[in-house]
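Trainee: Here's a structure for you.
The values are calculated or read from the model by the stated rules, or taken from the named source; none is laboratory data. Owing to the predicted nature of the structure, the values given are computational and were not obtained by experimental measurement. Neighbour counts run over all protein chains shown; Cβ positions are idealised from the backbone, glycine included.
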Amino acid sequence: MYKEIKQSKEQYNHLFTEEIASRIKKNVLSTIEAEKKNEETQKLPLILNKSKRRIRRYISIYTGVAIIIFAMVLTLAFVSPTMAKVVAKIPYLGKLFVSKPLITMVTEELNENGIKIDAIGVVYQPKKEIFISIKGSNKYYEDVRKEVEKNVKNILRKNNYDTYSIRVEKARKIENYISKDDQKRLKEDEIINTAIQNEIKKNKFKVLSTSITSSNENPFVELEIPDSTEDLKIEELKRVVNNAIKRTKLDTYSVKVKKVNMLKREQDGRWGHNLSLIGETIISKSKYKVKGIGYSVYPKIELEIRTTVESTDENAKEFGHNLAQIIDEFLKSDEMKQNVKDDNYEINIISKDKKKLND
């Protein structure tokens, strides 16, 4: 039943590991911190509410890295035919979930027509847009541009996706200039990382991810470890890593260790997948009035569906309760038991003026 999902998930896990995701996130945050110290904080896909020590992950997209990650998740989140039949029986939403995500459908269609694709992506902020970048000469681009637009419009119309604009553009050559200082720093980071990884492997430490931040005045190495790790083992890990860094005879790095709640980590992965199954279609159809979805597993599991409905609109409360009910019915279906497990969760339908509509 979940054969397609399982196969795609295995391919995804092989190509895009949690460690890689963690490194991307940490490097992005570190770069922003270093280079934008005096500027207003940029919007990131991770929004931290410090007062509640909570991280909410929004599927509305704000950064290029997030676009790549989200596109990969959606592209891999197939729904089985059996799942589609179950969902189709849910009142009001009807055929809510399609067999393939939008990016997959567009990619397959354009490949079948022999279009030279450089990139395809979906952006949800500040407006919902699907963009296609075309490789080749200027003449080739002009010859196929209208055909590409027509193909994408047909896919959107066939699936009743009426919230997207379409942008077709010619692929641009991007030259990344890396200064000599940055090249030196990257090379040193690689040497230090290799030394650390060798010691971790040699001593059989359980380390979930390793990141190096050397772009500020106080360079450091951060190691993520399971929350079950004993204090003595942590001290031994820090000692071994510090010695490995010293032997490189490079810059001085402090070593930070971060414990990861493994239960929450596992929940985080499952609920990100669950929302990818729900999210694309309700965002893509204007009748559902959804502009973004997000979730948090800290301290409890909460799903947040942000809508364009004002709390003062007629029948706003009824709309909120209906939307929450059908999402809840889907999550409680037999097909979703493996994904939801015994987790308790809360669904919050939020109005445009930030009021809860389903309380």
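Trainee: Checking Ile166 against (1) hydrophobic (A, V, I, L, M, F, W, C); (2) at pLDDT below 95; (3) under 24 Å from the mean Cα position of the chain (by Cα); (4) surrounded by fewer than 18 Cβ atoms within 10 Å (Cβ to Cβ), which test does it fail?
Mentor: (2)
Trainee: Checking the condition assigned to a loop (DSSP other than H, G, I, E, B) and either free of Cβ contacts under 8 Å to residues at least 40 places away in the same chain or more than 21 Å from the chain's Cα centre (by Cα) (or both), which residue from Lys354, Lys287, Lys317 passes?
Mentor: None of the other options fit; the residue is Lys354.
Trainee: Might you check whether a residue that is of a type in the set (Gly, Ala, Ser) and surrounded by fewer than 17 Cβ atoms within 10 Å (Cβ to Cβ) occurs anywhere in segment 253-271?
Mentor: The answer is yes, given that some residue of segment 253-271 is of a type in the set (Gly, Ala, Ser) and surrounded by fewer than 17 Cβ atoms within 10 Å (Cβ to Cβ).
Trainee: Ile178 - would you say it is touching a Leu at 6+ places or on another chain (Cβ under 9 Å), in a strand (DSSP E or B) and under 30 Å from Asn138 (Cα atoms)?
Mentor: Spelling it out, it is not the case that Ile178 is touching a Leu at 6+ places or on another chain (Cβ under 9 Å), in a strand (DSSP E or B) and under 30 Å from Asn138 (Cα atoms).
So that you can scan it fast, the table gives a plain yes or no per residue for (1) surrounded by fewer than 20 Cβ atoms within 10 Å (Cβ to Cβ); (2) at pLDDT below 90; (3) touching a His at 6+ places or on another chain (Cβ under 9 Å):
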site: Leu275; (1), (2), (3): no, yes, no
site: Ile278; (1), (2), (3): no, yes, no
site: Ile282; (1), (2), (3): no, yes, no
site: Lys287; (1), (2), (3): yes, yes, no
site: Val290; (1), (2), (3): no, no, no
site: Ser296; (1), (2), (3): no, no, no
site: Lys300; (1), (2), (3): yes, no, no
site: Arg306; (1), (2), (3): no, no, no
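Trainee: Which pairs have Cβ atoms under 7 Å, sit 6 or more apart or on different chains, and link a residue in segment 239-261 that is in a helix (DSSP H, G or I) to one that is among the charged types (D, E, K, R)?
Mentor: Val240/Glu199; Val241/Glu199; Ala244/Glu199
Trainee: Oh, and also: Quick check: anything in segment 188-201 free of Cβ contacts under 8 Å to residues at least 60 places away in the same chain, touching a Ser or Thr at 6+ places or on another chain (Cβ under 7 Å) and of a type in the set (Asp, Glu)?
Mentor: Yes, because at least one residue in segment 188-201 is free of Cβ contacts under 8 Å to residues at least 60 places away in the same chain, touching a Ser or Thr at 6+ places or on another chain (Cβ under 7 Å) and of a type in the set (Asp, Glu).
Trainee: Scan segment 310-320 and tell me whether some residue there is closer than 15 Å to Leu277 by Cβ, assigned by TED's automatic domain parsing to the domain that holds Lys291 and either surrounded by 15 or more Cβ atoms within 10 Å (Cβ to Cβ) or in contact with a helix residue (DSSP H, G or I) (Cβ under 7 Å, 6 or more places away or on another chain) (or both).
Mentor: no
Trainee: Among the residues of segment 254-280, which ones are touching a Phe, Trp or Tyr at 6+ places or on another chain (Cβ under 6 Å) and within 30 Å of Ala316 (Cα to Cα)?
Mentor: Trp271, Leu275
Trainee: Further question on the same structure: Examine segment 339-346 for a residue that is of a type in the set (A, V, I, L, M, F, W, C), outside any loop (DSSP other than H, G, I, E, B) and either in contact with a Lys or Arg (Cβ under 7 Å, 6 or more places away or on another chain) or loosely packed, with under 13 Cβ neighbours inside 10 Å (or both), and state whether such a residue exists.
Mentor: No, segment 339-346 has no match at all.
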